[in-house]
Amino acid sequence: MAANAATPVRASNAKSHPSPASRKHSQQALMDSSIASDSVKSRFEAFNRLQAAAVAFGEKVPIPEIVALGGQSDGKSSLLEALLGFRFNVREVEMGTRRPLVLQMIHDPDALEPRCRFQEEESEEYGGPIVLASAIADVIRSRTEAHLKKVRGAVSAKPIVMRAEYAHCPNLTIIDTPGFVLKAKKGEPEGTPEEILSMVKSLASPPHRLLLFLQQSSVEWCSSLWLDAIREIDPTFKRTIIVISKFDNRLKEFTEKWEVDSYLSAGGYLGENTHPFFVALPKDRGAVTNEEFRRQIFQVDSDVRRHLRDNIKGGFNEEKYGPFIGFSCLREYLEAELQKKYKDAAPATLALLEQRCGEITVELARLDTKLQATSDVAHLRRLAMLHTASICSHVGALLDGAADPAPEQWGKTTTEEQSESGFGSWPGVTVAMKPPNYTLKLYGGAAFERVMHEFRCATYSLECPQLSREKVANILLAHAGRGGGGGISEAAAEIARAAARAWLAPLLDTACERLSFILKNLFDLAMERNRNHGSDYRRNNGDMDGYIGFHAALRRSYNNFISELSKQSKQLVRHHLDSVTSPYSQVCYENDLQGGLISGSRFIHKYNQIPTASFFLDLSEGAALGDEKLFVDQENIPPKDHQQTPPGKGNETEVLRESQMTIPETPSPDLPSDVIHGAKKENGTCVEIGARKRQARVITTGRNSDSCRNQNANLLGAGHFGSKPGSSYFDICSLAAQHFARIREVLVERNVLSALNSGFLTPCRSNLVVALGVELFAVSDDKFMDMFVAPGAIDVLHSEKQSLHKRQKILQSCLSEFKNIARTL
């Protein structure tokens with residue numbers, strides 16, 4: 001900061017006889033000076049009271065303040081005592097290493113002895129006056145230790161506020177900060193130096209604060225450690241006052257005028273417009289009276305100037321550097337600069353006070369509304385019902401499709417859904433499921449549909465499990481023993497049903513849990529939408545944000561509703577699974593062929609691809625949708641010869657075989673199926689002996705015939721069991737695989753997808769608000785009020801209201817003072 005204060009010029013003492021006109025002019029000047037002095041004092045008092053209120057209530061008020069900075073042992077404590085005009089052993093408490101000290105100095109001509117009072121830690125009130133100066137250090141020490149023990153820290157930014165009224169101190173407020181240190185003291189945490197530096201920077205950063213930086217004269221400008229730290233806070237030193245302390249220690253090094261002037265100019269390290277002050281204070285720390293202490297300060301100032309004039313060859317540039325040498329010049333400059341800042345800040349402070357008083361009035365009105373609402377059950381019921389209805393409507397909007405709030409922030413990818421839901425994979429599925437758009441962050445209806453498609457991909461990736469010879473024999477022999485025809489067909493159907501029940505049931509449960517997780521996440525999104533869209537609603541109907549108990553009950557009811565939907569949906573899809581796997585179901589014997597004769601002789605079975613109803617647009621990066629195929633370059637589509645869309649369907653075969661079962665003896669799985677069925681071939685034709693039953697025969701067409709044959713061979717474990725086409729083992733396994741695929745498709749395409757939609761989405765759209773309303777509001781008044789009035793809540797509200805009233809009273813008083821100040825400016 002450019003210190004431009006001129007050296008004060010003393011009035012002439014020459015004796016003269018003033019004329020009447022001159023005497024009248026002098027009296028007027030004296031009166032004007034008195035008025036100006038009163039205005040300065042009232043302005044200073046008003047800012048001091050506002051500062052006390054700000055400290056007590058945590059108000060962020062940009063009050064002009066001076067923050068003293070510097071390293072330990074750089075003379076900050078001695079400078080504070082000199083400004084106060086008396087000693088109180090402030091250096092002995094080492095307050096600079098613990099807590100800031102706000103010194104409010106009040107110039108009171110009637111206070112011949114210093115009167116010091118400390119502001120209470122949690123109040124704007126001040127305690128009783130402290131007479132003994134030695135007791136001041138004890139209070140600072142005890143308060144520091146108690147507070148640090150409470151917060152369990154080595155340092156704290158919460159200041160101690162001391163008000164000093166004295167006839168020999170200026171109107172000045174200084175915040176003394178902890179001194180910078182390079183290394184922690186014994187018994188202190190190792191991070192104490194960093195904590196101090198961080199705290200001091202936070203205290204000095206606000207632009208309304210002036211920085212008073214002290215540095216010993218023995219430190220060269222080029223090697224100053226802490227000057228760089230100050231430059232980080234105030235790069236141009238626009239609001240920094242630099243003070244070189246212990247200046248008398250450096251005087252003996254100068255003999256020539258150019259040496260002194262070069263040092264006083266700071267050698268270009270501070271810039272042209274920044275002029276440091278050079279101060280020396282008494283070194284004697286012995287017990288002296290306050291008057292003797294002030295005399296010593298004056299004497300040291302005189303000695304420094306005399307040395308510069310008499311002991312330096314050529315003296316020094318007194319016109320340029322004289323206003324910056326000595327404690328008295330620094331004191332006058334600080335007082336004048338702070339008063340100037342006070343005057344400049346008064347209008348903005350007045351406007352800010354009016355704003356804060358208005359905000360407190362609104363807050364008090366809100367508390368009154370809350371207190372009134374606690375006794376008005378009907379009013380609370382109305383507000384709660386409206387809020388619940390609003391949340392339910394937002395849930396519906398999210399299910400129907402919405403992009404607010406931002407999906408980038410609130411949505412989840414497939415991987416995140418799997419991880420957070422606790423269902424990282426689909427049971428029995430070894431292939432990683434990567435449905436279309438799996439990398440996009442989705443929520444609501446979009447995420448629901450993505451999980452549905454992921455479920456379909458997972459289901460179609462399952463194949464009928466391999467069957468051991470023993471299992472086939474046990475089932476086949478049991479069916480053969482019942483008599484009648486169709487032993488192989490019935491055995492294959494039973495194997496397919498058992499496999500479907502065992503492998504598809506866990507997938508259905510996982511799908512319900514994943515969908516339930518997506519719907520439960522909608523509650524937070526609905527709350528966010530309500531906050532963003534409900535400003536008019538809250539203004540007209542009241543604010544429910546503060547009722548934590550009600551919001552907890554609403555969330556709990558919503559989660560219970562979704563959990564119940566999940567439970568019911570599991571039962572519903574399990575019922576569908578039981579239906580299609582029932583022995584009375586004809587699913588295994590249906591002959592639904594999709595497609596027909598293509599290119600003359602080419603048949604395409606519907607199992608070769610996911611049905612067209614499964615179309616799901618992929619919007620993720622790199623996805624492409626072909627003209628002839630629904631899925632191109634998607635994650636679950638392998639190369640042509642190994643496609644898994646859906647696995648277990650693409651390479652299956654359709655069997656259409658006619659046979660008769662009139663075999664009296666026990667069959668063997670290794671016999672050819674013609675022998676087991678008692679069919680004889682005469683002249684190339686199949687002669688039927690017993691009752692006819694429709695059976696399947698393998699049809700393989702075009703280029704897929706080899707792959708289908710290979711798939712069936714792997715599925716049946718031909719390499720392990722040595723079975724071959726035409727054997728009953730091969731035929732029963734082939735039929736079982738086809739029956740399993742048929743059961744799977746009917747279950748997924750005809751039953752489960754529609755059941756999950758009707759089980760989750762329909763109730764959320766139509767029944768949610770009713771279900772929540774019944775659970776939350778169809779209760780007695782006492783039980784209803786338990787959500788709003790916790791034990792002791794009324795007392796808390798009354799205490800908060802009382803605190804706000806007190807705060808409002810203080811700020812209103814400060815506002816009145818500043819209005820009076822504004823009239824005199």
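The values are calculated or read from the model by the stated rules, or taken from the named source; none is laboratory data. Bear in mind that the values here come from a model prediction, so they are computed numbers and not experimental data. Here the Cβ is made from the backbone with ideal geometry for all residues, glycine too, and neighbour counts use every protein chain on show. With ligands, DNA and RNA removed, areas are computed over all heavy atoms of the protein, side chains included. Shrake-Rupley method; radii C 1.70, N 1.55, O 1.52, S 1.80 Å.
Computed over segment 232-281, the P(r) curve from all C-alpha pair distances, binned at 5 Å from the origin, holds 4, 18, 26, 24, 16, 8, 3, 0 percent per bin. Using the 1.4 Å probe convention, the accessible area of segment 432-528 works out to 31 Å² per residue with neighbouring protein chains retained.
Between Asn171 and His107, the built amide H atoms are under 5 Å apart, and every one of these is 5 or more places off in sequence or on another chain. The amide H of Ile325, built 1.01 Å from its N in the peptide plane, has Phe278 as neighbours under 5 Å, considering only residues 5 or more places off or on other chains. Taking only alpha carbon atoms, segment 270-416 gives an Rg to Rh ratio of 1.42, where Rh is the Kirkwood radius. What the phi angles of segment 757-773 give under the Karplus curve with 6.51, -1.76 and 1.60, with θ = phi - 60°, is a coupling list of 5, 6, x, 10, 6, 4, x, 5, 7, 10, 10, 4, 5, 5, 4, 5, x Hz, glycine and proline written as x.
Take every pair of alpha-carbon atoms less than 8 Å apart whose residues are at least six positions apart; their mean separation over the length of segment 340-451 yields a relative contact order of 25 percent. Based on Cα atoms of segment 72-227, Rg over Rh with Rh as the Kirkwood radius reads 0.96.
For segment 357-461, what is one quarter of the convex hull surface built on the Cα atoms, given in nm²? Walk me through the numbers before you get to the answer.
Details: hull surface 42.0 nm².
It is 10.5 nm².
The H on the amide N of Leu69, modeled in the peptide plane, is under 5 Å from the matching H of Leu212, Phe213, Leu214, each at least 5 residues off or on a different chain.
For segment 247-373, the fraction of 1.4 Å probe accessible surface lying on carbon and sulfur atoms is 50 percent. On the basis of the beta-carbon distance and an R0 of 22 Å, Asn317 and Asn249 show a calculated FRET efficiency of 0.55. Annotation: peptides 453-460, 205-212, ranked by per-residue average of other Cβ atoms within 10 Å with the highest first, follow the order 453-460, 205-212.
Accessible surface computed residue by residue for segment 108-201, with neighbouring protein chains in place and a 1.4 Å probe, gives 51 Å² per residue. In this simple spin-label approximation, Glu190 and Thr369 carry label points 7 Å from Cα along the Cα→Cβ vector, and these lie 5.4 nm apart. The number of Lys pairs in segment 169-307 with C-alpha atoms less than 18 Å apart, excluding pairs fewer than 8 positions apart on the same chain, is 4.
Estimated translational diffusion coefficient (Stokes-Einstein, Kirkwood radius over Cα pairs, 25 °C, 0.890 mPa s) of segment 160-221: 168 µm² per second.
For segment 125-202, what Kirkwood radius comes out of the mean inverse Cα-Cα distance, in Å? Present the calculation step by step, with values, prior to reporting the outcome.
On the way: mean 1/r = 0.0677 Å⁻¹.
Computed over Cα pairs of segment 125-202, the Kirkwood hydrodynamic radius comes out at 14.8 Å.
The P(r) of segment 206-263 has a tail past 13 Å containing 66 percent of all C-alpha pairs. The largest-to-smallest principal axis extents of the Cα set in segment 161-291 are 46, 41, 36 Å. Expressed as a whole percent, the accessible surface of segment 429-523 that belongs to carbon and sulfur atoms is 54, based on a 1.4 Å probe.
3J(HN,Hα) along segment 184-193: 5, 6, 4, x, 9, x, 5, x, 4, x Hz, from the Karplus curve 6.51 cos²θ - 1.76 cosθ + 1.60 with θ = phi - 60°, whole Hz, x for Gly and Pro.
Taking θ as phi - 60° and the Karplus parameters 6.51, -1.76 and 1.60, the scalar couplings of segment 323-338 work out to x, 10, 10, x, 5, 4, 5, 5, 4, 5, 5, 4, 5, 5, 5, 5 Hz in sequence order, x denoting glycine and proline.
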